[in-house]
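Note sheet for the following structure.
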Amino acid sequence: MVTRAPLLAARGVSKSFFGNPVLRDVSIALQPGRVHALLGENGAGKSTLINLLSGALRPDGGTIEVDGYTVSRMTPTYARQAGIAVVQQELSLTASLSIAENIGLGAYPKRFGLIDYPELAARAGAACDLVGLHEPLSTPVGHLPLGRRQMVEIAKALYRTPRVLILDEPTSSLSATETKILTDLLERLRSEGIAILYISHRLNEVMTLCQHVTVLKDGTCTADRTLEGTDAAGLVRLMVGRDPGDLFPRWQPSAPPADVISVRKFSAGLMRDVDLDIRAGELLGIGGLVGQGQEDLLLGLYGAIPAGTASATVNGASGLPGGVPKANALGLAYVPADRKREGLHLIHPIIANMMLPAFARLPALKLRSRRAERETARGLAAQLAIKGDLDRPAQALSGGNQQKVALAKWMPHDPLVLLLNDPTRGVDVETKREIYMMLRNFAAAGKAVVLLSSDTPELVHLCDRVAVVREGRIVAMLDRGALSEEAIVSAAMGAEQRKVAA
Amino acid sequence: MTAWKDSAYGRRALTILRSRPFLTVAIVAAVWIAASFASRGFGAYGHLRYLVELGAVIGLVAAGQTFVVIAGGIDLSVAAIVTVSAVSLPLLSWQADPTGVTGILAVLVLTTAIGLVNGLGVALLRVHPMIMTLAMATFLQGLLIIIAGGSAVTAENPVVRWLGNARPAGIPAGVLLWVLVSVIVLTTMHATSFGARIFAMGANSLAAALSGVPVTSTTLAVYGISGFTSGLAGVLVLGMNGQGYVGIGDPYLLASIAAVVLGGTSILGGLGTYAGTIPGAILLVTITALITVVNASPGWRSVMFGSLILGLLLLSGREQARR
């Protein structure tokens, strides 16, 4: 199969940061017309490898080759000229610019030295059509939900008509339909002879889409082989170096339910006239296409955005909390999706992040006890297997560990209702399993967990009930018996109206 | 066991040595030593004591400014508030209270209220702090001209006079006041939950709000504190000066922000300490004193002051890149 020279390759590259080796002697070769999967847990060195391939970082040892020739000094500019496009996991879009402007940024078509807007619109429009992005091109990107922004990011890469396309977890914030569009598109690009490097934590996607796989573990390459004859369990074994076991904990029927939150005709943001009961001891899933108002439902209940309701009871108190401190006092806790922007204080130490909800609710002028704080934080770190010095800033942690910190900070307050917004997005398999276990245990302890997720298998295997949201309304409430990926997706897309007695 | 303790203390000592407040202290010490050799009389105890006394005014204004900047804002009305305090105190001194304490309290309530209005605009009306406080400053200056006009007003307040001139145990009362305020500020900033909330708000106010930090009331408090300390600085400046006039607070706007930044507090918010602002304030008065020694016209003095602040910031105060 390997007869032509790879379009882009790394040969025995190594890289360390501040003396910590991140990559050791890793090789990878991207062949035209092949979708190459790059797997590994968070912190395994995937992002570093991409940065080396795209010239954002320079290797300490080893070489980068383009078309079989060693590039002595790989730079982002050179990579662009060589037709290498990267879709970053951290979105690199400018919120106040329009879709078209973002797509063309840095490569605007010029006419008489000025930006040729009609030409830009035409070319950006073509790229948008490829990814199924139908919003007006003049929409500011900041107005788009996360999933659509991701599509803009992909369109931006396609605008440059790349020969090598590198996608870093492109589907982590996409809905099922958007994922389908993307996989079809990648399939087509592949048949046109483009080399694709695909990074994802969703193994079923990798199994269906990719032909070849490179697995990284702790900065070394543990597998470089075709995907033929492997299965998902085999891949997980390669990534974690041991048998995966079941990703999801066994589902067990929960205690007889009592409502902890019950709202009638609840409206917040995009959500309109929602009737919802959340029961103690259950894991309630919220599904649907991305950006249908699910997030507003959580934020409204949490008091973070204005919300209205005909009647509401939250933990015995009538009426909505109407403010985050009030919601916290009523035992609600919220873990946001965008942990860098909404969940963590990246420049502050891990310990300060963990203690923040405590600072928020203690009397303002009460003297702090650093010793007690350290003890609490150590306990949380041990409980959630967060390793290392707690005085490091939170940005030093990998994505999965950051998510654990975002969860951990609520644990000392023993919340009765945990509102989670896509807690496993961009999180490696091992951390996912830990988070699932935690949520199940939490529900088993008689608390309520509301899990908003863009990962449908998660909803099916983990939740007791799933509310499917479409266009600001709950269009279906699926009980355990009726739960399946098909049921959720069809309700989300309005394929059929299914209502199961809640 | 002892070895572990030793190394922990060792690491701690190293952290302090590498910290920005310490760097600022080192710069002050270096400048003092160099200037003592270059200029006779600079290093005399009386002169250095005088410098610290001048630094107290900047230090008080910069105390509130440090809170505001750490919380992610900026207060451009501090100079106007200093003037409000120094001008209105003589007008507010009534005969019924010979000690003059009520007058001072009334002025401090007034300046704190001005700060709270700033906070209201920033927190509730969502006006950008720069615009809100700049508008407030302009408003106050206009009001002062209407009320006080161009004439200087003399204070007949015994407490104010004591504050500006007394030296219990050889230490100027203003410096004692500064020490007291510093202790309270440092405790509030680093040893209370309120302080922790301010840092969280400055680093990421959205994440802070979602973690339950009462952002509105904390913002109000921060600007209120800034109004209070500016008011206190106004009282002190009136005491040292004997007279209040419109424009008396003007030097303290740039000085307060420069002291904060020179002390290593990030102008972007979320990182910093008043422990750096203190040497920052002393460094600023030292520079001013050095420039005065050089015989130059006021225009050139201003040019030199501005350039030196920029130079010092290049030396020590550049922001580190944030992701």
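The values are calculated or read from the model by the stated rules, or taken from the named source; none is laboratory data. The model shown is predicted, which means the values in this text are computed figures rather than measured ones. Glycine also receives a Cβ, built like all others from the backbone with ideal geometry; neighbour counts cover every protein chain displayed.
In the stretch A:150-182, how many residues are within 17 Å of residue A:85 (Cα to Cα), out of contact with any Ser or Thr (no Cβ under 6 Å at 6 or more places or on another chain) and part of a helix (DSSP H, G or I)?
10
Just checking, how many residues over the stretch A:194-247 are at pLDDT below 80, among the polar types (S, T, N, Q) and closer than 22 Å to residue A:89 by Cβ? Write out each step before concluding.
Initially, the stretch A:194-247 is screened for residues at pLDDT below 80, giving A:201-204, A:218, A:229-247.
Next, from what is left, pick out any that are among the polar types (S, T, N, Q): A:204, A:230.
Next, only the ones that are closer than 22 Å to residue A:89 by Cβ stay: A:204.
Result for the stretch A:194-247: 1.
Among (1) at pLDDT 85 or above; (2) β-branched (Val, Ile, Thr); (3) within 22 Å of residue A:272 (Cβ to Cβ), there is one condition residue A:460 misses while meeting the rest; what is its number?
The number of the failed condition is (3).
For the subset of the stretch A:11-46 comprising residues that are buried (at least 21 other Cβ atoms within 10 Å of the Cβ) and either charged (D, E, K, R) or not assigned by TED's automatic domain parsing to the domain that holds residue A:236 (or both), which member is modelled with the lowest pLDDT?
Checking each candidate, the answer is A:41.
Can you tell me which of B:86, B:135 is assigned to a helix (DSSP H, G or I), touching a strand residue (DSSP E or B) at 6+ places or on another chain (Cβ under 6 Å) and under 23 Å from residue B:257 (Cβ atoms)?
Within the list B:86, B:135, the selection yields B:86.
Keeping to the stretch B:265-319, report how many residues are within 14 Å of chain A (Cβ to nearest Cβ), in contact with a Ser or Thr (Cβ under 9 Å, 6 or more places away or on another chain) and hydroxyl-bearing (Ser, Thr, Tyr).
The total comes to 2.
Residues that are aromatic (Phe, Trp, Tyr) and either in contact with a Ser or Thr (Cβ under 9 Å, 6 or more places away or on another chain) or assigned to a loop (DSSP other than H, G, I, E, B) (or both): does the stretch A:62-76 have at least one?
Within the stretch A:62-76, not a single residue is aromatic (Phe, Trp, Tyr) and either in contact with a Ser or Thr (Cβ under 9 Å, 6 or more places away or on another chain) or assigned to a loop (DSSP other than H, G, I, E, B) (or both).
Being in contact with an Asp or Glu (Cβ under 8 Å, 6 or more places away or on another chain), among the hydroxyl-bearing types (Ser, Thr, Tyr), in the same structural domain as residue A:55 (by TED's automatic domain parsing) and surrounded by fewer than 22 Cβ atoms within 10 Å (Cβ to Cβ): is that true of residue A:139 here?
Answer is no for this residue.
Any residue in the stretch A:56-77 that is of a type outside the set (S, T, N, Q) sitting within a Cβ distance under 6 Å of a residue that is in a helix (DSSP H, G or I)? List the pairs, counting only those 6 or more apart or interchain.
A:56/A:76; A:57/A:51; A:59/A:52
If we keep just the residues of the stretch A:148-159 that are in contact with a helix residue (DSSP H, G or I) (Cβ under 7 Å, 6 or more places away or on another chain) and among the charged types (D, E, K, R), which is surrounded by the fewest Cβ atoms within 10 Å (Cβ to Cβ)?
Across the stretch A:148-159, the extreme among qualifying residues is A:149.
So residue A:134 passes all but one of these: (1) out of contact with any Phe, Trp or Tyr (no Cβ under 9 Å at 6 or more places or on another chain); (2) closer than 16 Å to residue A:53 by Cβ. Which condition number does it fail?
(2) is the only condition that residue A:134 fails.
Taking the stretch A:353-370 on its own, how many of its residues are within 19 Å of residue A:342 (Cα to Cα) and among the hydrophobic types (A, V, I, L, M, F, W, C)? First the steps, then the outcome.
We begin by selecting, within the stretch A:353-370, every residue within 19 Å of residue A:342 (Cα to Cα); these are A:353-361.
If we keep only those that are among the hydrophobic types (A, V, I, L, M, F, W, C) too, we end up with A:354-356, A:358-360.
The qualifying residues number 6.
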